[in-house]
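**Student:** What follows is a single structure, and I will ask about it in a moment.
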Amino acid sequence: MNIDVFTLFPDWFRWFGEQRHVRNAIERGLELDHVDMRATSPLDGGRVDDTPYGGGAGMVIRVDVVEAALEARYGAQRDHRIVALAAGGRRFDERLALELAAEPRLSLLCGRYEGFDERVHTELATDVVSIGPYVLSGGELAAMVVCDAVIRKLPGALGHADSAVEESFSEALEGAPEYPHYTRPVDWRGHGVPDVLVSGDHARIREWRLEQARSRAKG
Ligand SMILES: C[S@@+](CC[C@H](N)C(=O)[O-])C[C@H]1O[C@@H](n2cnc3c(N)ncnc32)[C@H](O)[C@@H]1O
């Protein structure tokens, strides 16, 4: 898989690319690049934004700037998923993470300031995605959230391949949040561990875990 993150702050992604599971995925074929949208801006001095039509506070990232960045990277033909990050977009969830992880190539567009000119959403992006109903200062953290959730689905990213099979919202848990985990000590300040988990009865443990997940799904 190839993931390109288009940003005005490429430095943010150097740290991300050095994290263990990301490096694991890179060693197994993931290509993760950050693209500086300022570098290909057709405007003087690497400008990328302009004042909003209709007035109002803040600046808006221009559609021609984003188009130039995409063209410099891919040429005029683009046939892959291009995700613009925006607070008001489709809510990112496990289903979308799985869907995006199955793509051979993915572009993530990180906004700043007041966000993108709407034509970036409607004419250049294939998807507009939000990581939650709150406003971040920029799309970089949102892109990292999307990358992280997608990358852990790729073969070899996690130390234990099974970790991604049975986890919160997975098919194995019928889409429910994961069951509780416990480890040593078995008694901590009078708070114990459910007997079933130390019973050695794997069928009962499996059943208990599924029940716990189901009851967490009910809230
Ligand atoms: C300050 S925000 C713009 C907020 C926008 N004016 C609004 O009211 O929705 C700048 C950029 O951060 C990113 N962003 C902010 N919140 C986000 C969220 N919840 N999910 C995804 N991206 C977000 C988007 O790329 C956005 O263009």
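**Student:** Run through region 128-219 and list the GluC sites (Glu not before Pro) located in a DSSP loop whose Cβ has at most 16 other Cβ atoms within 10 Å.
**Tutor:** In loop regions of region 128-219 (DSSP not H, G, I, E or B), the sparsely surrounded GluC sites (Glu not before Pro) are 166, 167, 174, 178.
**Student:** Pairwise over distinct Cα atoms, reciprocal of the mean inverse distance: report the Kirkwood radius of the chain in Å, one decimal place.
**Tutor:** 19.7
**Student:** Just want the answer: with Cβ charges of +1 for Lys and Arg and -1 for Asp and Glu, which residue in 98, 115, 1 is farthest toward the dipole's positive end in the chain?
**Tutor:** 98
**Student:** Could you tell me how many degrees, from 0 to 90 and to the nearest 10, lie between the Cα long axis of helix 202-218 and the main elongation axis, the longest principal axis, of the Cα atoms of the chain?
**Tutor:** Compared with the principal axis, the helix lies near 50 degrees.
**Student:** Considering only DSSP beta bridges whose two residues both sit in the chain, what percent are antiparallel, to the nearest 5?
**Tutor:** Bridges in the chain that DSSP calls antiparallel: roughly 10 percent.
**Student:** Quick check: residue separation of residue 74 and residue 19 times 0.36 nm, minus the Cα distance between them. What number comes out in nm?
**Tutor:** Separation in residues times 0.36 nm, less the Cα-Cα distance, equals 17.1 nm.
**Student:** Kindly express, to the nearest 10 degrees and within the range 0 to 90, the angle between helix 63-74's C-alpha long axis and the longest C-alpha principal axis of the chain.
**Tutor:** Helix 63-74 sits at roughly 70 degrees to that axis.
**Student:** Additional query: Rounded, prolate or oblate: which fits region 45-163, taking a ≥ b ≥ c as square roots of the Cα gyration tensor eigenvalues, rounded meaning a/c under 1.5, else prolate when a/b beats b/c?
**Tutor:** In terms of gyration-tensor shape, prolate.
**Student:** Quick one: if you stick a label point 7 Å off each Cα along the C-beta vector at residue 160 and residue 198, how many nm between them?
**Tutor:** Result for the modelled spin labels: 2.0 nm.
**Student:** Would you kindly give the portion of the calculated P(r) for region 165-218 that falls above 16 Å, as a percent of all Cα pairs?
**Tutor:** Summing the P(r) of region 165-218 above 16 Å gives 46 percent of all pairs.
**Student:** With a point put 7 Å past each Cα toward its Cβ, work out how far residue 187 is from residue 167 in nm, to one decimal.
**Tutor:** According to this spin-label approximation, the distance is 3.5 nm.
No value in this document is a laboratory result; all are computed from the given coordinates. What you are looking at is a predicted structure, and each value in this text was computed from that prediction instead of being measured. Neighbour counts are summed over all protein chains in view; Cβ atoms, including those assigned to glycine, are modelled from backbone coordinates with ideal geometry.
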